[in-house]
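First the structure, in the form of structure tokens, and then the observations on it.
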Amino acid sequence: MVTELSTIERRHVDGAGLSDIRERLDRGERLTFEDGVRLFTTHDLGALSALANRERQRRWGDLTFFNRNVHVNATNVCEASCIFCSFSRLKTGDAAAYTMSLDEAVGRVKALRDELITEVHIVNGLNPDLPWEYYLDLLRGIRAERPDLHIKAFTAVEIHYFAEKYRKSYEQVLRELMAAGLGSLPGGGAEIFHPRARKKLCDDKVDAEGWLEVHRTAHELGMRSNCTMLFGSIETVEERVDHLLRLRALQDETGGFQTFIPLRFHHENNKLQRLREPTAYDSLRTYAVSRLLLDNIDHIKAYWIMLGVELAQLSLDWGVDDIDGTVREERIYHMAGARTPQTLGRAELIQLIRDAGRIPVERDTLYRIVAEA
Ligand code: V47
């Protein structure tokens, strides 16, 4: 396994004016806010790939993770009015608003009775019309149907909403959900933490401190979780770096994050339609900088549904070691203009990873190895 830069790569990095950052990485030193800004503004993608790939190789060599999962979005009715969202509808009864009955939502999992999946991923809108029992029964129903599945469900935004709406503490909400079958939290809803951008993007949902406090509480209760950043809409480079460093600081405290997932802004059917979407160039740069700044988070995930299959494959050279899973049915990104398929089979994920010269490893949600393919 190669974990040192070649002479050519070193010259490349130094030619990009990044020799001091390379030397600090060589010594195992932590990068600073200013380093993050410089990395986000370099135009030398090759230098970023050399540095980020070295960090990836040090951790995982060529191993590249994926899982077999299914997504369920039980309702898109949502009180929040995030301007980048194409999935939500404000009220029950609005055009294209939907709420699945419990039978219907559990039925999505039931239908896969004979499939070798290991995870169900559930994210919903903030629906004012549902009782607390709906969420508990949803978890219980899935657990009764498939006790072998790991249930990764409800973003920190949803947990905060449950706490306010049903008058419980974060701890109470999480304990009750865990007793009903919750296994871990997905990383959504983080968007951009900085108050300037957050106010524009999603003024009426939980703030950065609340999002981080939900994850802190989950980690203290022994749960693992993921974290994300919505990049390429109206945020500045400084706000991206600020976001990454806030995640790094919480990870120093708790160690509970497993994976960081940069989420590329999609502009169809939402209020930010006038904005250009981030380029492939910016996406690769964001993966690389994330790998370099988040020195205490094990995995960087390229969610292929959101990024596109080809770019997800390329990202494996820019610090990424995970491409998410089979997914099966996706709404959030397809309603925002994603052109990716709804699902990729296990064999296709394996081929995609092999074609990039890497070694596919099927994992479960907690990164235990299911099979080396
Ligand atoms: O919270 C919504 C983002 C997230 C748009 O934890 C958008 O393993 C870009 O968090 N353009 C949901 N982004 C997806 C998510 C996720 C996905 C896969 C794996 C995991 C995990 C988490 O998608 C939302 C929001 O941040 N989002 N709309 C949009 N137009």
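Quick rundown of the values:
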read-out: Most mobile listed residue (165, 205, 301) in the chain, GNM with C-alpha springs under 10 Å; value: 165
read-out: Partner aspartates and glutamates for residue 91 [C-alpha distance under 16 Å; skip if fewer than 8 residues away on the same chain]; value: 79, 129, 204
read-out: Rg to Rh, two decimals, where the chain supplies the alpha carbon set and Rh follows Kirkwood; value: 0.95
read-out: Qualifying trypsin sites (Lys or Arg not before Pro) for the stretch 343-373 [loop in DSSP, other Cβ within 10 Å: at most 13]; value: 368
read-out: Per DSSP, loop GluC sites (Glu not before Pro) in the stretch 1-53 with at most 15 further Cβ within 10 Å; value: 4, 29
read-out: Trypsin sites (Lys or Arg not before Pro) restricted to DSSP loop in the stretch 38-91 with at most 16 other C-beta within 10 Å; value: 91
read-out: Taking the C-alpha atoms of the stretch 205-324, convex hull volume expressed per residue in Å³; value: 111
read-out: Cα Rg, Dmax, the stretch 1-102, angstrom units; value: 22.3, 63
read-out: The stretch 63-372: relative contact order as a whole-number percent, Cα under 8 Å and 6+ apart; value: 22
read-out: Value of Rg to Rh for the stretch 85-211 (Rh from inverse mean 1/r over Cα pairs, i.e. Kirkwood); value: 0.97
read-out: Net lengthening on full extension, residue 200/residue 281 (0.36 nm per residue, minus Cα-Cα); value: 26.7 nm
read-out: Kirkwood hydrodynamic radius of the stretch 7-58, Cα pairs, Å; value: 11.0
read-out: Inter-site label distance for residue 253 and residue 148 at 7 Å from Cα along Cβ, in nm; value: 3.9
read-out: Spin-label model distance (nm) - residue 236 vs residue 79, 7 Å beyond Cα toward Cβ; value: 3.3
read-out: Dimensions (Å) - the stretch 45-102, Cα atoms, principal axes, largest first; value: 52, 28, 14
read-out: Helix-derived mean residue ellipticity, 222 nm - over the chain, DSSP H n ≥ 4, -39500 (n - 2.57), to 500; value: -13000 deg cm²/dmol
read-out: Acute angle (nearest 10 degrees) that the helix 132-145 long axis makes with the longest principal axis of the chain, alpha-carbon atoms; value: 80
read-out: Length released on extending from residue 132 to residue 207, taking residue separation times 0.36 nm less the Cα-Cα span; value: 24.8 nm
read-out: Cα-projected label distance for residue 298 with residue 370, points at 7 Å along beta-carbon direction, nm; value: 1.6
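Here, each number is a calculation from the coordinates, and none is a lab measurement. Note that the structure is predicted; figures quoted are calculated from it, not measured. Cβ coordinates were reconstructed from backbone atoms using ideal geometry, including for glycine residues, and neighbour counts include every protein chain displayed.
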